[in-house]
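This report refers to the structure that appears directly beneath it.
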Amino acid sequence: MVLLADAGQALDVVIVGSGAAASVMAALLAEAGKSVLLLETGAERQSANMISSQIWGRRMKWGGEPVLDAGRHSVAYNFNMGRGTGGSAMHQYAVWPRLHPADFTLASDHGVGLDWPLAYDDLRLHYDRVQQEVGISGDAAAEHWRPEGAPYPMGPVPTFPQGRIIARGFERLNLSTSPLPLAINSRVYQGRAACLWDGWCDAGCPIGALANPLAVYLPRAQQAGAVLRHNATVTRVLTDRTDRRALGVEYVQANGEVRHQSADLVVLAANPIQNPRILFASGTRRSPTGLANSSGKLGNYLMSHPTVSTFGLFVEETYSYYGPKGGQLLCQDGYQKDQHQGHAFGSYQWMIAQALKPNDLLGIANSRPELYGTKLTEFMARAAQHIATMATVCEGLPMQENRVGISAKSKDKYGMPLAEVTHSFAPSSLALVEEARQEGEAVFRAAGATEVWSSGVNAMHIMGGTVMGTSPDASVTNSYGQTHDIPNLVIAGAGLFPTSGGVNPTFTIHALARRAATYLLDHWPG
Amino acid sequence: MMTNPSRRRFIAAGGVGLLSFVVGDSCLRISPAEARYKKLPLGNLNATQASALERLGDALVPGAADSGLVYFLDQQLSTSTEDCMLMIRYLGVAPPYKDFYIQSLAALETACLRRYQKDSAQLSASQVAQLIDALLSGSLLDWQQSLPAAFFAFVLRSDASDVVYGTEAGFDRLGIPYMAHIPPPAPW
């Protein structure tokens, strides 16, 4: 264990954020003997705060300074991002599929988007290790689309009536399904409780069955001596006179006091919008367009997954309140990027039979926003027993013009410019999600639904903005997240993704962070 | 509309659990439904705004008035952005959220006066239904707000759904189990 001195004394590592990537980095670096400080801008959350309620659960969503949103399709920042201990990963649905090998070679294979500076095989070991540490429930053999890797350490989640009803629609259309890989315990795992299948995942899982940062990596980090400081908002990365070496960070405490923390290694693991915002705000006379931005690509290639949800009413009772919020079954038959109708392009998957609650943005009532009065009352009474749903994750192509910048006019209470986001989905991504919508409705009709409808197109997850690559002229970091310009300034998290794939990003965030931490320990840049 | 509920009844209807209401020098921990029954003073909304919210909210989601929609909103508009439990916090509206509600309600009253020559609290049931149809379809011509009328209706309908359906009592009315790991502060 390394005893940590208070701010002002140089540390080995200062990490900005406390979410998925931050907690993995903190655990691995602290366990290797490094002194680690995590600075979290939000308040402290504990498992005891995870109240089972869609209303109370909103406190884990972003509640900090606004992000100014432009472009045709919002990235739904406040919905997708979190704040406080554990960051966005505290309200994740824990759907943890792997990226496919083809997701790493998009530009080479299809002439669009970007390539990753690493291949699937470079990440495979880390996927395997993380899945063993975290515990993933699933059935690797049944996922015939799954890239090579170790089988899951736990058997799959149970399939409840909702899942069985929808699955028969897939079967009748000759589409395949498998259990959904979930970072949720289907049995007691490494001392953590088994899931009770009550559908409160995104309100925060207080029993440790869902692998959020409070359940796995933050306790490990703290056990190894890492210190987590809350209400500590990083406003600047500090550099030497050349802007080629990071010296630490400047942060503001809740009482308004500004502090400097020196460290050999600075890890930005906030989120894909706050990381570039900090780098832009850290610009100096020598780096007027922002730190680590000699490529001019800082903030570029922001991505999200376009998604639609399919809903249906069935004669049978669906018991849609049972099960994980992320779903029970998976279908990746639509993952081949270039085998779609018209100009649709990319990969997509279905997360099938998601547990439903009556209220909130994705709840039963808002699935039919046009109903009100007695028609809504009648619908709710029927749907509570007979509704079923599933949702897509469709690939959003990386486009340079989708970007994060900072406002020239608006600042937060600390004088830091607000982030400005411009984002629109590519036409081929919108065509892909339309194809998925039609398929989803066909599946539900084949399953015997008496009524079928779909949501509009929404944005799920946020990625890119500080993309990794081989060329310092075309990317912000190398494959380990080290910025090309400043080797001891590392970025972690989904902001590194050069492509989004058609899967949820959290497993890949963990695997990348593990790979980076392992490398940095062997090649310490401090 | 429920007018004189027994204590047992308003707790059952009381969707959104115990909230703190400051009355004089006292801080009461009661449900929004109970606050409505006690006619506690509001901190952010005036009587006209409260009447409009209650009328429209109950027409959108029957039961919202008795479940204390107005008190839920009024109390939440006093919280910090970080602690706010209204759905609007993740709908891309810049805080303070009070401005959104107050300005939207003002736009609603202006539109009502022009369309019906009376304020929203005086509308008949059929006029309220007409008004909601116009809000949802975006055909309310006199809506003078940067955010669309349909968005305001969506937000208010979601708030009303929270207090009617998003609670242990609401789940119970729908016949589905709540299954809390950690129940909301009673009677959530």
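The values are calculated or read from the model by the stated rules, or taken from the named source; none is laboratory data. Fair warning: this is a prediction, and the values are worked out from it, not measured in the lab. No Cβ is skipped: glycine too gets one built from the backbone with ideal geometry, and neighbour counts run over all protein chains shown. Calculation scope for accessible area: heavy atoms of the full protein, side chains included, ligands and nucleic acids excluded. Shrake-Rupley method; radii C 1.70, N 1.55, O 1.52, S 1.80 Å.
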Out of (1) surrounded by fewer than 20 Cβ atoms within 10 Å (Cβ to Cβ); (2) assigned to a strand (DSSP E or B); (3) in contact (Cβ under 8 Å) with a residue 12 or more places away in the chain, what's the single condition that is false for A:Gln385? (2)
Take the stretch A:370-407 and flag every residue that is in contact with a strand residue (DSSP E or B) (Cβ under 7 Å, 6 or more places away or on another chain), over 30 Å from A:Gln349 (Cβ atoms) and of a type outside the set (Ser, Thr, Tyr). A:Gly405, A:Ile406
Identify all residues within the stretch A:516-526 that are out of contact with any Pro (no Cβ under 7 Å at 6 or more places or on another chain) and surrounded by fewer than 23 Cβ atoms within 10 Å (Cβ to Cβ); write none if there are none. A:Thr518, A:Tyr519, A:Leu521, A:Asp522, A:His523, A:Trp524, A:Gly526
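Given the criterion touching a strand residue (DSSP E or B) at 6+ places or on another chain (Cβ under 9 Å), more than 14 Å from every other protein chain (Cβ to nearest Cβ) and closer than 29 Å to A:Phe311 by Cα, identify the matching residue among A:Ala119, A:Ala94, A:Ala107. Write out each step before concluding.
Working: A:Ala119 fails: closer than 29 Å to A:Phe311 by Cα; A:Ala107 fails: closer than 29 Å to A:Phe311 by Cα.
A:Ala94 is the lone residue from the list that is touching a strand residue (DSSP E or B) at 6+ places or on another chain (Cβ under 9 Å), more than 14 Å from every other protein chain (Cβ to nearest Cβ) and closer than 29 Å to A:Phe311 by Cα.
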In the stretch B:146-184, which residue that is surrounded by fewer than 18 Cβ atoms within 10 Å (Cβ to Cβ) and more than 8 Å from chain A (Cβ to nearest Cβ) is modelled with the highest pLDDT? B:Asp172
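For the stretch A:216-321, list the strands (runs of 3 or more DSSP E) that sit wholly inside it and hold at least 3 residues that are among the aliphatic types (A, V, I, L, M) and surrounded by fewer than 23 Cβ atoms within 10 Å (Cβ to Cβ); which are they?
The strands (runs of 3 or more DSSP E) meeting that bar number zero.
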So is A:Ser424 out of contact with any Ser or Thr (no Cβ under 8 Å at 6 or more places or on another chain) and modelled with pLDDT of 95 or more or not? yes
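Looking at the stretch B:148-188, which of its residues are polar (S, T, N, Q) and either free of Cβ contacts under 8 Å to residues at least 60 places away in the same chain or touching a Phe, Trp or Tyr at 6+ places or on another chain (Cβ under 8 Å) (or both)? Reasoning before the result, please.
Just the residues of the stretch B:148-188 that are polar (S, T, N, Q), to begin with: B:158, B:161, B:167.
Hit for the stretch B:148-188 is B:Thr167, nothing else.
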Residue list for the stretch A:339-375, restricted to those being within 14 Å of another protein chain (Cβ to nearest Cβ) and within 30 Å of A:Glu143 (Cβ to Cβ): A:Ala355, A:Leu356, A:Lys357, A:Asp360, A:Leu361, A:Leu362, A:Gly363, A:Ile364, A:Ser367
Could you give every pair whose Cβ atoms fall below 8 Å, whose first residue belongs to the stretch A:233-260 and is over 17 Å from A:His484 (Cα atoms), and whose second residue is assigned to a strand (DSSP E or B) and of a type in the set (Gly, Ala, Ser), counting only separations of at least 6 or pairs across chains? A:Gly248/A:Ser262; A:Gly248/A:Ala263; A:Val249/A:Ala263; A:His260/A:Gly248
How many of the residues making up the stretch A:41-53 are open to solvent by 10 Å² or more (accessible area, probe 1.4 Å) and either closer than 27 Å to A:Ala209 by Cβ or facing chain B (nearest Cβ under 8 Å) (or both)? 8
Can you name the number of the only condition in (1) polar (S, T, N, Q); (2) open to solvent by 20 Å² or more (accessible area, probe 1.4 Å); (3) within 14 Å of another protein chain (Cβ to nearest Cβ) that A:Gln336 fails? (3)
Residue hits (the stretch A:126-180; of a type in the set (A, V, I, L, M, F, W, C), within 30 Å of A:Pro213 (Cβ to Cβ) and open to solvent by less than 10 Å² (accessible area, probe 1.4 Å)) are A:Val130, A:Val134, A:Ile136, A:Met154, A:Val157, A:Leu180
Residue hits (the stretch A:97-125; open to solvent by less than 10 Å² (accessible area, probe 1.4 Å) and among the polar types (S, T, N, Q)) are none
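Where in the stretch A:2-91 are the strands (runs of 3 or more DSSP E), entirely inside, with at least 2 residues that are modelled with pLDDT under 95? Before the answer, list the steps.
Working: elements: A:11-16, A:36-39, A:68-70.
Correct list: A:68-70.
Test A:Leu99 against the stated conditions and say whether it is outside any helix (DSSP H, G or I), within 16 Å of the chain's Cα centre (by Cα) and under 25 Å from A:Tyr301 (Cβ atoms).
Values: outside any helix (DSSP H, G or I): yes; within 16 Å of the chain's Cα centre (by Cα): yes; under 25 Å from A:Tyr301 (Cβ atoms): yes.
For A:Leu99, the condition - outside any helix (DSSP H, G or I), within 16 Å of the chain's Cα centre (by Cα) and under 25 Å from A:Tyr301 (Cβ atoms) - is met.
Taking only the stretch A:262-317 into account, find how many residues are among the basic types (Lys, Arg) and either in contact with a helix residue (DSSP H, G or I) (Cβ under 9 Å, 6 or more places away or on another chain) or under 23 Å from A:Tyr77 (Cα atoms) (or both).
Let us first name the residues in the stretch A:262-317 that are among the basic types (Lys, Arg), namely A:277, A:285-286, A:297.
Add one more test, that the residue is either in contact with a helix residue (DSSP H, G or I) (Cβ under 9 Å, 6 or more places away or on another chain) or under 23 Å from A:Tyr77 (Cα atoms) (or both), and what stays is A:277, A:297.
Total meeting the criteria: 2.
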Flagged pairs (Cβ under 8 angstrom, 6 or more apart or on separate chains; first in the stretch A:182-208, at the interface with chain B (Cβ under 9 Å from one of its Cβ atoms); second among the aromatic types (Phe, Trp, Tyr) and open to solvent by less than 30 Å² (accessible area, probe 1.4 Å)) are A:Asp198/A:Tyr321; A:Gly199/A:Tyr321
The stretch B:56-80: number of residues that are open to solvent by 40 Å² or more (accessible area, probe 1.4 Å), over 16 Å from B:Ala153 (Cα atoms) and facing chain A (nearest Cβ under 9 Å): 1
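Looking at A:Tyr480, A:Tyr414, which one is open to solvent by 30 Å² or more (accessible area, probe 1.4 Å), part of a loop (DSSP other than H, G, I, E, B) and in contact with a helix residue (DSSP H, G or I) (Cβ under 7 Å, 6 or more places away or on another chain)? Before the answer, list the steps.
On the way: A:Tyr414 fails: in contact with a helix residue (DSSP H, G or I) (Cβ under 7 Å, 6 or more places away or on another chain).
Sole residue among the options that is open to solvent by 30 Å² or more (accessible area, probe 1.4 Å), part of a loop (DSSP other than H, G, I, E, B) and in contact with a helix residue (DSSP H, G or I) (Cβ under 7 Å, 6 or more places away or on another chain): A:Tyr480.
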Which one of the conditions (1) within 11 Å of another protein chain (Cβ to nearest Cβ); (2) open to solvent by 50 Å² or more (accessible area, probe 1.4 Å); (3) farther than 29 Å from A:Arg83 by Cα does B:Leu141 fail to meet, given that it meets all the rest? (1)
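Could you check the stretch B:81-94 and list, in sequence order, the residues that are closer than 17 Å to B:Phe154 by Cβ and facing chain A (nearest Cβ under 7 Å)?
B:Met87, B:Arg89, B:Tyr90, B:Gly92
Quickly run through the stretch A:189-205 and pick out the residues that are assigned to a loop (DSSP other than H, G, I, E, B) and under 21 Å from A:Trp62 (Cβ atoms).
Here is the first cut: in the stretch A:189-205, the residues assigned to a loop (DSSP other than H, G, I, E, B) are A:190-191, A:193-200, A:204-205.
Matches in the stretch A:189-205: A:Trp200, A:Gly204, A:Cys205.
Can you tell me which residue is least open to solvent (accessible area, probe 1.4 Å) among those in the stretch A:487-505 that are over 28 Å from A:Glu395 (Cβ atoms) and assigned to a loop (DSSP other than H, G, I, E, B)? Talk me through it step by step, then tell me what you get.
Taking the stretch A:487-505 as the starting set, the residues that turn out to be over 28 Å from A:Glu395 (Cβ atoms) are A:487-489.
When the remaining residues are screened for being assigned to a loop (DSSP other than H, G, I, E, B), the result is A:487-488.
Working: A:Pro487: 63, A:Asn488: 4 Å².
Within the stretch A:487-505, the match that is least open to solvent (accessible area, probe 1.4 Å) is A:Asn488.
Going by what's in this entry, would A:Thr508 be described as of a type in the set (S, T, N, Q) and open to solvent by less than 20 Å² (accessible area, probe 1.4 Å)? It would help to see each step written out before you state the result.
Values: of a type in the set (S, T, N, Q): yes; open to solvent by less than 20 Å² (accessible area, probe 1.4 Å): yes.
When the stated conditions are applied, A:Thr508 passes them.
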Residue check: is A:Gly396 under 24 Å from B:Ala94 (Cα atoms) and under 26 Å from the mean Cα position of the chain (by Cα)? no
Pairs where the first residue, in the stretch A:362-376, is in contact (Cβ under 8 Å) with a residue 12 or more places away in the chain and the second is among the acidic types (Asp, Glu), C-beta under 9 Å, 6+ apart: A:Leu362/A:Asp202
